[in-house]
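Take a look at the structure set out below.
What follows draws every value from the coordinates through simple rules; no lab data is involved. Note that the coordinates shown come from a computational prediction; the quantities given were computed from them, not determined experimentally. Here Cβ is always computed from backbone atoms with ideal geometry, including for glycine, and neighbour counts include all displayed protein chains.
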Amino acid sequence: IPVDNFDLVIFGGTGDLARRKILPGLFRRYCAGQIPEDAQIIGAARSDEGDEGFRKLVGDAVREFGGGRHCEDGTLENFLERVKYVRVDAMGDDGWEELQGRLRLGVVKAFYFSVGPSLFGALAERLRSFGLADDDSRVVVEKPFGHDLETARALNATLAQHFKEEQIYRIDHYLGKETVQNLMAVRFGNMLFEPLWNSQYVDHIQITVAETVDVGGRGGYYDKSGAMRDMVQNHLMQLLCLIAMEPPARFEPDAVRDEKLKVIRALDPVDYHHIARGQYAADDDQPGYRVHVGDPRSKTESFVALKCHISNWRWAGTPFYLRTGKKLRGRGSEIAVVFKDAPHSIFGDEAGRHNNILAIRLQPDEGMTLGVTIKEPGPGGMRLIDVPLDMSFAEALGAEAEDVPDAYERLIMDVIRGNQTLFMRGDEVEAAWAWTDPIIEGWNRRGEVPKPYDAGSSGPEDALMLMHRDGRKWREIK
Ligand code: NAD
């Protein structure tokens, strides 16, 4: 079903994010028939591309970063006809009148800020002063949304001078992942799980986002941020909210976001004994983190693991363990709900015991696995084994993995539809910073240096100890 007709302006349209995600994503939606034939996609950035130069850039980006299987010959050429370019300086007055002249009346107008946050204020102001945006227009802002509570508040205040909250779409692409939404469907669409979804039956929950890559070309940016700001404050926090929140009355933006906010506000401050912080070390073949970021004394973490508690009726007593890092053994994002042991084994200790684990995989191969205990087949008496009930998303839908829409595709279409459910509200972002800031301030105050860990390992020893002390263990990073 096509969305309403729209003009989408991508500020930073020639940048890395636009080339890798936004533009190929729009093309795939075009192939899927969701983008109206006369929609306009307008790149706006500082360089002098012209319409033709930008079309070439978009064509190359689509070819390099994926067009999807169902795009027929000639579709790319048709798509490129919807693509335009205007040279605009966010900090100056150049290009704004031309851009204004290209926009149409009576269509949805969306402005994607795919530029650094230091430009958000200047863009918002000019969108209004040059008359491009009105009270129905939408602005999409990328992470990082602030560096701490103070800067996030300032950013919210700046945007609020020009736009209402209903017009602001703060992207956390994790919320656009198919499995993340499926998590809500599983929780609130089935009778099976929700009655067990509390501290009486759940022993603990693990959320892991593991990467094998190093900081790559982003060293300078990353070193000012670290894993806590870059991953935990936003992505892991959003996953925590969705897994822990109360059922909203309706699947509507504010109903969902109110419940997520309550989770963040119910989080206890984290005891610093319950945090493991690491930095990947050099090995024989490869330089370590400090060489990658060009600072031999850097104290920034490329890994963090922590235990936290949500103080409310549902979760009091059930710890949540979060873990994320770079240069780890495997790449994968997963939420695992680890249920308690059955209260008594009628089969005796020798039969073995396994607790149920519901593992929700976000990447790679989005899907879910429920570990169920059964009898080991054969005549050898009653021995219990754990077998997975496995649901790969792509397989279940009879689709190829590449047909499952990418997070950006879905989120951009939601912007056009005017649905904010999968976007962060300003107060949520501030509450997340209010929880994260004291952790980072504590590290700085104590002059803490992250522990080195081997590239290709599962992180520093402290992270293993965090679980071990509680008689638990991390799920393996494959
Ligand atoms: P980039 O440096 O590759 O691109 C920046 C873009 O902004 C370019 O198109 C450039 O021409 C434009 N630009 C810079 N100054 C301008 C000005 N004064 N006026 C007009 N245009 C100007 O950056 P990126 O990696 O594409 O990231 C863009 C934003 O998205 C950043 O906020 C970044 O943190 C965020 N982000 C990026 C990624 C990613 O994977 N690249 C992921 C998540 C979030």
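For the stretch 285-442, the Cα gyration tensor yields ellipsoid semi-axes of 36, 25, 21 Å (square root of five times each eigenvalue, largest first, whole Å). With each label modelled as a point 7 angstrom along the Cα→C-beta vector, the ARG250-LYS473 pair spans 4.8 nm.
Residues of the stretch 192-233 with backbone nitrogen within less than 19 Å of a virtual label 7 Å along the Cα-to-Cβ line of VAL449, please, listed as ranges. Only 223-224, 226-227 fall inside the zone, counting backbone N under 19 Å.
Structural size metrics of the chain, computed from C-alpha coordinates, are Rg and Dmax of 23.8, 81 Å. Ranking GLN238, HIS274, GLY176 by how far each Cα lies toward the positive end of the dipole of the chain (charges on Cβ) leaves HIS274 at the top. With the highest mean first, a sort of the peptides 208-216, 71-79, 96-104 on other beta-carbon atoms found within 10 angstrom per residue produces 208-216, 96-104, 71-79. Note down the net charge around ASP7, summing +1 for each Lys or Arg and -1 for each Asp or Glu among other residues with Cβ under 9 Å from its Cβ. So the surrounding residues net to +3. The listed peptides 150-158, 51-59, 20-28, ordered by packing as a protection proxy, come out as 20-28, 51-59, 150-158 (highest mean of other Cβ atoms within 10 Å first). Rounded to 0.05, the FRET efficiency of the GLU350 and ARG218 pair, given R0 = 51 Å and the Cβ-Cβ distance, is 0.45.
Given only helices, namely DSSP H runs of n ≥ 4 each adding -39500 (n - 2.57), what is the per-residue ellipticity at 222 nm of the chain, to the nearest 500 deg cm²/dmol?
On the way: 15 runs with 155 residues, N = 478.
Estimated from H runs of four or more residues: -9500 deg cm²/dmol.
What share of all Cα pairs of the stretch 10-87, in percent, falls into each consecutive 10 Å distance bin? Bins of 10 Å from zero give 20, 58, 20, 1 percent of pairs. Work out the FRET efficiency for ASP51 and ARG417 from their Cβ-Cβ distance, taking R0 = 25 Å, and round it to the nearest 0.05. Working from the Cβ atoms, E equals 0.35. Angle of helix 50-65 to the longest C-alpha principal axis of the chain, folded into 0 to 90 degrees and rounded to 10: 20°.
Let me have the relative contact order for the chain, percent, based on Cα pairs under 8 Å that are six or more residues apart.
Values: 877 pairs, mean separation 83.1, N = 478.
Averaging sequence separation for qualifying contacts and normalising by length gives 17 percent for the chain.
Extension gain for ASP136-GLU395 works out to 89.3 nm (0.36 nm per residue, less the C-alpha to C-alpha distance). With the cut-off at under 14 Å, measuring from each backbone N in the stretch 314-358 to a point 7 Å along the Cα-to-Cβ line of LYS375 picks out 346-348, 351.
Apply 1/(1 + (r/R0)^6) to the Cβ-Cβ distance of ARG383 and LEU464, taking R0 = 25 Å, and write down the FRET efficiency to the nearest 0.05. Intermediate values should be presented prior to the final figure.
Details: r = 29 Å, r/R0 = 1.17.
Plugging the Cβ-Cβ distance into 1/(1 + (r/R0)^6) gives 0.30.
Cysteines in the chain lacking any other cysteine Cβ under 4.7 Å from their own Cβ: CYS241, CYS308.
Compute the angle between helix 120-129 and the longest alpha-carbon principal axis of the chain, please, reported from 0 to 90 degrees and rounded to the nearest 10. The answer is roughly 40 degrees.
Over the stretch 6-142, what is the mean sequence separation of C-alpha contacts under 8 Å (at least six apart), divided by residue count, expressed as relative contact order in percent?
Details: 210 pairs, mean separation 43.5, N = 137.
Result for the stretch 6-142 is 32 percent.
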